[in-house]
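The values are calculated or read from the model by the stated rules, or taken from the named source; none is laboratory data. These numbers come from a predicted model, not from an experiment. FYI the Cβ positions are ideal-geometry reconstructions off the backbone, even for glycines, and counts take in every protein chain you see. The area values use the complete protein model at the heavy-atom level, side chains included, leaving out ligands, DNA and RNA. Shrake-Rupley method; radii C 1.70, N 1.55, O 1.52, S 1.80 Å.
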Amino acid sequence: MYFMEIFKPLKSVLFLFLMISAACNAQTGEKTKNKIEFLVKGKDGIPIHAARGVSLTFSNPNKGASFSFASPGENKKKEKKYFLTIDFEKMSPEILKLMKDYDSDFSGELRVIGNADNLLSQHIEFSGASLDNVAYQCTLDETSMFLYLWCSKISVNGVELN
């Protein structure tokens, strides 16, 4: 009996704690994640690869690493001045096949699709892309493969960058 008398006030406190906890969890909305698709245009059609992240960097063609891609007399339009970094969750065989033919240029696109409305939020088209580097990382929690590309021509949401 003594135990029941002590338990009665705790029962109210426990019930109140559970109600507050449920109310707090109800306030947190579902996290929306973007979906990123990497498409490579080639002889075999346009395969789509799921990517985890993408980064675009513009480089001055007269300085830095992009300077070494073009000889002094070469057409300025062929200079590779755009650098794309694409993060993949795993090293897929299709992407490894793309890396095998690293001497030839290719074109493709990246699509960022919002999860909440399923609409295209970013569209990056590139051409004259060549493989610069591939990095694979594995930790206790996750794996990542980073694909680094130099591109000579790029367009973001229909706007061609010069």
Please identify the trypsin sites (Lys or Arg not before Pro) of the range 82-144 that satisfy two criteria: DSSP loop assignment and at most 16 other Cβ atoms within 10 Å. Which are they? K90
Among the listed pairs K41/K97; K35/K80; K41/K80; K35/K100; K33/K153; K35/K97, those beyond 25 Å (Cα-Cα): K35/K80; K35/K100; K33/K153
Rounded to the nearest 10 Å², what accessible area does F58 show when all protein chains are kept and the probe is 1.4 Å? 120
Highest average packing first - 150-157, 133-140, Cβ atoms within 10 Å: 150-157, 133-140
